[in-house]
Amino acid sequence: MNQNHVITIDQEVKFMNTQMKKPPKLLHKSAGNDSCCIFRVPQSLFEINREAYQPRIVSIGPYHHGNKHLEMIEEHKWRYLNDLIQRTGKSIGYFMKIIVSMQDQIRQSYSESIDHFSANDLAKMMVLDGFFLIELFRKVGKLVGTDTDDPIFRMVWVSPFLMRDLLRIENQIPFFVLQKLFDVSKPEVSKPDDPTLSYLILEFFNYTVDRKKEILNEHKNTEGKHLLDFFRKSFINPKEQNPVPTFDISKNSSQKLIQTPTKLKINNSYLKLIPPANKLKIVGVKFKASHEPDSFLDIEFRNGVLLIPQINMDDFYSSFFLNCIAFELCYFHCSKHITTYIVFMGCLMNTSTDVGLLSEDKIIENYFGTDKELAKFFKSVGKDVAFNIKDNYLTGLFVEVNEYCENGWHVHLAGFKHRYFESPWAAISAFAAFLLLSFAALQTFYTVYQYYSPKKE
């Protein structure tokens, strides 16, 4: 062994002491704080669908800044910034100083160290990316003029990729940065009924997810941690957006349930995931599409009928769902509505047969792929997520469906109907068997009757 490369105990101890004093860079020790809200995607999710988390045409924020394949839109950011400077008459330096003063709060928003960006570099990125988004929303909302030949609007392939890129968990800047830049770039004379930033964002995405104007107005003052979180919250009832306390492990090592959903009497025998759609149908559960709900999350169970809002499953929704789940997994301080919805739909769609059944009932409009591919998507996404069956917005529904499936005369009647009347041939066979049994019973009756009845003299 080469003596020159032997490391002594003292050297190892010195190295270990140095390492102990270094703060983590890939995941800050403060990443569990409420302020930290922009994360790298966990590897377990990344392996399921890599393309869902990687920006395709535009970089927003530090994680993908400078990537070669994203340079095309990067050049247009400068054009949008110039439009704003010319319109407002305010200097770039004015906006830069505002953002530099917020740099500590901005850095705390990212779970991964961004210390390799200086204060000025970070401010430049935030100003450039932030105003690109704000100007985009203003142009779509017709608050400012738009070049009729703007390729971002004229080239039809750009819009779908752009919509998805703006809702990727790694492709975010803090919402408070957007709000500040929006406020300081408003016209000096504004009207009380001018659209809020939140309203403009929802109006922008409404070209992909068409929702009623009432929903946009309801959330016009909603804020999120970033665009992804804001858009996620716009589907959640404002009264349910704060997470419900679940387990208190601060006093001892055993987990203790400290709060359960209201209006719910939990029977542990029914507190479990529900069967697939095909099995639910066999025991008498019916499916009905809700065509005008406020949100795809508004699922109900009434008198044996599952009322599920219709959803068009396509590339936008699949990408949005995956990034929401990643956010809900990483960010402790939010409700888990999207995760719960995906687990619920994954329960229903175990096979392509289940997908076909929901498609027949107009609950699923499948633009994602084959029925088998859609079933695989929901199964793979819901398989490894952290899901608390005791504490989610559908806990009561899980209990009610399972109780309905295991009790009552309707279960036996539905099973009989499924077995003997599911197809014309089965019905004919059942009817023929009934006739044979009837004739046999009559023959037995007459035989016995003739034996015991007195003969006439």
Q: Search segment 35-46 for residues that are under 16 Å from Gln103 (Cβ atoms) and part of a loop (DSSP other than H, G, I, E, B) and pair each with any residue that is of a type in the set (Gly, Ala, Ser) and open to solvent by 10 Å² or more (accessible area, probe 1.4 Å) when their beta-carbon atoms are under 7 Å apart and the residues are at least 6 apart or on different chains.
A: Cys36/Ser30
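Of the residues Leu84, Leu167, which single one is open to solvent by less than 10 Å² (accessible area, probe 1.4 Å) and over 32 Å from the mean Cα position of the chain (by Cα)?
Leu84
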Q | Exclusive hit being buried (at least 17 other Cβ atoms within 10 Å of the Cβ) and over 30 Å from Asn407 (Cα atoms), set Leu297, Leu306, Leu322 | A | Leu322
Q.
If I ask for residues that are assigned to a loop (DSSP other than H, G, I, E, B), closer than 16 Å to Leu322 by Cα and touching a residue at least 60 places away in the same chain (Cβ under 8 Å), which ones from segment 358-396 would you list?
A. Asp384, Val385
(Q) I'd like to check something: does segment 148-155 contain any residue that is more than 26 Å from the chain's Cα centre (by Cα), more than 20 Å from Leu81 (Cα to Cα) and open to solvent by 10 Å² or more (accessible area, probe 1.4 Å)? (A) yes
Q | Failed condition for Trp78, given (1) within 27 Å of the chain's Cα centre (by Cα); (2) open to solvent by 80 Å² or more (accessible area, probe 1.4 Å) | A | (1)
Q | Selection from segment 37-53 of residues that are buried (at least 17 other Cβ atoms within 10 Å of the Cβ) and more than 14 Å from Ile325 (Cβ to Cβ) | A | Cys37, Ile38, Arg40
Q. Is it true that some residue in segment 80-90 is of a type in the set (D, E, K, R) and farther than 16 Å from Ser185 by Cα?
A. no
Q: Name every residue in segment 165-201 that is in contact with a Leu (Cβ under 8 Å, 6 or more places away or on another chain) and aromatic (Phe, Trp, Tyr), in order of residue number.
A: Phe175, Phe182, Tyr199
(Q) Can you go through Ile114, Ile60 and tell me which one is free of Cβ contacts under 8 Å to residues at least 60 places away in the same chain, assigned to a loop (DSSP other than H, G, I, E, B), crowded, with 16+ Cβ neighbours inside 10 Å and out of contact with any Ser or Thr (no Cβ under 6 Å at 6 or more places or on another chain)? (A) Ile114
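The values are calculated or read from the model by the stated rules, or taken from the named source; none is laboratory data. Source: prediction; values computed, not measured. Note that each Cβ is placed from the backbone with ideal geometry, even for glycine, and that neighbours are counted across all protein chains shown. Note: accessible area is taken over every heavy atom of the protein model, side chains too, but ligands, DNA and RNA are not part of it. Shrake-Rupley method; radii C 1.70, N 1.55, O 1.52, S 1.80 Å.
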